Amino acid sequence: MALPFTHDQFLAVFGDYNRALWPVAALLWLATAVAVFRLFRPGSNGSRLVAAVLTVQWAWAGVVYHLVFFRRINPAATLFGLGFLLQAMLLLWRGTLRHRLVFVPGRSVRARLGLGLVVYALVYPGVGLLLGLQYPRLPTFGVPCPTTILTAGLLLLAPRHEARILGVIPLGWAGVAGSAALVLGIRADLVLVLAGILLAAYILSPAPGGRPAAGEAVRPV
């Protein structure tokens, strides 16, 4: 897979991004952690809050990362940015305005794998450091890859029909960025491949017995 930029240019983009916008990355991380925590508090309307946070992250990654920073080294970032903005609008419509997107943490294997991806997304900046990258030249939070991993994990907690609507763009990015991670040696992003496989398996598999699976029913959280 040939890329229009080098490994050093790719990390330099993150260096510029983090030096200019690290307070936003920290705020996005804090907002996400609070929203996910509220999913475990019945009656807290946590699902709508999580959907709102995801909407902000996809819009932020689309406009600020792709269109402002990444487009400097990759012309395809314009298309990527528009795709991320479309995902943000879908999340806003399905999750925040219509409240169709409900996340139900549970004890099933699927739910635990989803929560595992969510936790990984939250510790993602630390994983990059542990794997040899140096701040500020590393992906942090609110950029495309951890946002996609987070979204895939949360969609594993959502009704299957909503995951089918909202999983197409995350699956596309998991394929694009997962393959690029192999070329660039960004090992923290290899989990994107796993996230894509798990999400694809969920949205493509039929519900057992033709009935909604556990967690499929739309319930307020």
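Each reported figure results from applying straightforward, stated rules to the coordinates on display, with no laboratory input. Not measured: the values here are computed from a predicted model. Methodologically, a virtual Cβ is constructed for each residue, glycine included, from the backbone with ideal geometry; neighbour enumeration extends over all protein chains shown.
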Practice task
For segment 1-18, indicate whether the set of residues that are under 30 Å from ARG98 (Cα atoms), of a type in the set (Ser, Thr, Tyr), out of contact with any Ser or Thr (no Cβ under 7 Å at 6 or more places or on another chain) and in a helix (DSSP H, G or I) is non-empty.
Solution key: no
Practice task
Would you check which residues across segment 37-58 are more than 15 Å from the chain's Cα centre (by Cα), over 21 Å from ARG112 (Cα atoms) and among the hydrophobic types (A, V, I, L, M, F, W, C) and list them?
Solution key: none
Handout entry: Residue check for ARG94: part of a helix (DSSP H, G or I) and on the phi < 0 side of the Ramachandran plot
Key = yes
Exercise for the section: Could you tell me which residue of segment 101-117 is farthest from LEU204 (Cα to Cα), considering only residues that are part of a helix (DSSP H, G or I) and of a type in the set (Gly, Ala, Ser)? Expected result: GLY116
Exercise for the section: Answer with yes or no whether ARG48 is free of Cβ contacts under 8 Å to residues at least 60 places away in the same chain, of a type in the set (D, E, K, R) and surrounded by 18 or more Cβ atoms within 10 Å (Cβ to Cβ). Expected result: yes
Practice task
Taking PRO42 as meeting all but one of (1) of a type outside the set (D, E, K, R); (2) touching a residue at least 60 places away in the same chain (Cβ under 8 Å); (3) not in a loop (DSSP other than H, G, I, E, B), write down the number of the exception.
Solution key: (3)
Completion exercise
Cβ pairs under 6 Å, 6+ apart or interchain, first in segment 91-105 and farther than 14 Å from PRO159 by Cβ, second surrounded by fewer than 18 Cβ atoms within 10 Å (Cβ to Cβ), ordered by first then second residue, are THR96/ALA52
Completion exercise
The helices (runs of 4 or more DSSP H) lying wholly within segment 133-201 that contain at least 1 residues that are surrounded by fewer than 22 Cβ atoms within 10 Å (Cβ to Cβ), out of contact with any His (no Cβ under 7 Å at 6 or more places or on another chain) and of a type in the set (S, T, N, Q) are 168-184
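Table: residues versus (1) under 17 Å from ILE149 (Cα atoms); (2) surrounded by fewer than 18 Cβ atoms within 10 Å (Cβ to Cβ); (3) hydrophobic (A, V, I, L, M, F, W, C).
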{"residue": "LEU79", "(1), (2), (3)": "no, yes, yes"}
{"residue": "LEU101", "(1), (2), (3)": "no, no, yes"}
{"residue": "ARG112", "(1), (2), (3)": "yes, yes, no"}
{"residue": "ALA121", "(1), (2), (3)": "yes, no, yes"}
Handout entry: Criterion (under 22 Å from ALA121 (Cα atoms), surrounded by 17 or more Cβ atoms within 10 Å (Cβ to Cβ) and within 18 Å of the chain's Cα centre (by Cα)) met by exactly one of LEU28, LEU86
Key = LEU28
